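I have placed the structure first, in the form of structure tokens, so that the comments after it can refer back to it.
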Amino acid sequence: MTTHSAPRRLRHLVLVLGDQLDLWASAFDGFDPAQDAVWMAEVAEESTHVWSAKPRIALFLAAMRHFAEVLRAAGRTLYYTQLDDPTNTGNLGAELLRTAQTLRPERLVMTAPGDWRVLQAIKTTAAAQGLPLDLRDDRHFYATVRDFAAHARGRKQLRMEYFYRAMRQQHGVLMDGDQPAGGQWNFDADNRESFPKTGPGPVPRPAQFAPDAITREVIVLVQARFADHPGSLDAFAWPVTREQALRALDRFVGERLPQFGRWQDALWPDQPWLWHAHLSAALNLKLLNAREVVQAAEAAWRAGTAPLSSAEGFIRQILGWREYVRGIYWMQMPGYAEHNALGAQAPLPAWFWTGNTDMACLRDALGQTLRHGYAHHIQRLMVIGLYALLHGVQPKQVHQWFLAVYVDAVEWVELPNTLGMSQAADDGLMASKPYIASGKYIQRMSGGSLCAACR
């Protein structure tokens, strides 16, 4: 465990999780360096409760270690346990208990976790020590869990579209007075083009960041400690600091957003990045704030550098879907992961972990997932998810796979998207109908390129 000198009297021990890497988080409100301290811990359990892929593990650990440096530079007393600390128990609750017994703080303070399992572990530890636990709202979201519950109260059905419209009105996003910008709420009809047979043409290079000394150390650690886990770290280049995440946001808005809407549902082999933002991991680690991302997209439209259809399609994913699935998650936990409305019981195919299949669209999507920890939403929903749905894979196994392999996967966002939207396992709670199609959809959206390569 590495620290600065501990305060003589520890008033608050502020808990920071691996997806709460924000110096201005609500947990730090009223922080007093003279009597408060911060606690962070890398624990193996967070990489093994599902068989996490190497890119996902490396991203979380590298981002945590960089944020630890930010805290130290800010003069905040930090108790930080690294994964390879010989005294590390490997369990989040046990590590917190060990620290609390040593430091004897008067109170634990944290921004509310995004994962129900983690919240229960922390509550259990706090209760065992007789410590008050001050849980504070996560300001990275526009809506609190209570706000969503109020929206849902009394409704026979929940639909993202109506929630999204209410959020735009409440927060003044893409609004002209009391009317939606452009006279309509939804530009989906403009955002469904497929690439021609000649392909996507020139696509801007994605914002990528060469690993520095801290990240290289993490990569070596992950390759040694989790050698049998899936995935590769050969191409690891994700943003792991706020500064890098802001540069990635600027690059997306300036270079990709103008064409994002038109091509957001299109597919092409060996083209993992296309016109997508690649910002979800930085958002979910809280290196970026949802408001600054939405504001940047809207500002680009108002400045005339991006069409309204692109700005609206992108903003809908953040202000609409991202907020909506979080609300669904907290309304339905802890039992949501057990839903299986269609009675699907087939095991997850072993080749999901290798990408070794004759089906070209799946081979492409799974291969890039294992290389980069990334696939865009159509690959996840209408290629990988669609196959699992048609094959009748047990939805909890599909959920655990998605949670394990993607660098942006945190349970509050992944579980409803996978179990509810992709696998239609929640009996229509999340979406009005199953997202299901034939091979003709993939043929059309890939300009025939993927199907031409299939046996």
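Just a few scattered comments:
- For region 138-153, the tally of residues that are in a helix (DSSP H, G or I) and among the aromatic types (Phe, Trp, Tyr) stands at 1.
- Restricting region 353-376 to residues that are assigned to a loop (DSSP other than H, G, I, E, B) and more than 17 Å from the chain's Cα centre (by Cα), the residue that is surrounded by the most Cβ atoms within 10 Å (Cβ to Cβ): Met359
- Among the residues examined, Thr215 qualifies as crowded, with 16+ Cβ neighbours inside 10 Å, under 27 Å from Leu366 (Cβ atoms) and not aromatic (Phe, Trp, Tyr).
- Only one of the numbered conditions (1) under 23 Å from Trp238 (Cα atoms); (2) touching a Ser or Thr at 6+ places or on another chain (Cβ under 8 Å) is violated by Ala388, and that is (1).
- Summed over region 257-314, the residues that are of a type outside the set (A, V, I, L, M), in contact (Cβ under 8 Å) with a residue 12 or more places away in the chain and within 30 Å of Thr111 (Cα to Cα) give a count of 12.
- The lone exception for Val398 - which of (1) over 18 Å from Arg56 (Cβ atoms); (2) buried (at least 23 other Cβ atoms within 10 Å of the Cβ) it fails: (1)
- Note on region 162-187: among residues that are among the polar types (S, T, N, Q) and in contact with a strand residue (DSSP E or B) (Cβ under 9 Å, 6 or more places away or on another chain), the one that is surrounded by the most Cβ atoms within 10 Å (Cβ to Cβ) is Asn186.
- Every condition in (1) within 18 Å of Asn284 (Cβ to Cβ); (2) over 22 Å from the mean Cα position of the chain (by Cα); (3) among the basic types (Lys, Arg) holds for Arg72 except the one numbered (1).
- Among the candidates Gln271, Gln295, residue that is modelled with pLDDT under 95 and more than 19 Å from Glu46 (Cβ to Cβ): Gln271
- Where a residue in region 194-205 is not assigned by TED's automatic domain parsing to the domain that holds Arg444 and its partner, wherever it lies, is charged (D, E, K, R) and not in a loop (DSSP other than H, G, I, E, B), with Cβ under 7 Å and at least six apart: Ser194/Arg444; Pro204/Glu255; Pro204/Arg256
- If you go through region 423-455 and keep only what is under 19 Å from Arg363 (Cα atoms), touching a Pro at 6+ places or on another chain (Cβ under 9 Å) and surrounded by 22 or more Cβ atoms within 10 Å (Cβ to Cβ), you end up with Ser446, Ser449, Leu450.
- Scope region 87-111; condition among the small types (Gly, Ala, Ser) and buried (at least 18 other Cβ atoms within 10 Å of the Cβ); matching residues: Gly93, Ala100
- Taking region 290-320 as the range and being within 19 Å of Phe148 (Cβ to Cβ) and out of contact with any Phe, Trp or Tyr (no Cβ under 8 Å at 6 or more places or on another chain) as the test, the residues that pass are Val294, Ile315, Gln317, Ile318.
- Residues of region 188-212 classified as in contact with a Lys or Arg (Cβ under 6 Å, 6 or more places away or on another chain) and either exposed (fewer than 13 other Cβ atoms within 10 Å of the Cβ) or among the small types (Gly, Ala, Ser) (or both), total: 2
The values are calculated or read from the model by the stated rules, or taken from the named source; none is laboratory data. Owing to the predicted nature of the structure, the values given are computational and were not obtained by experimental measurement. Please note: Cβ atoms are built from the backbone with ideal geometry, for glycine as well, and neighbour counts cover all protein chains shown.
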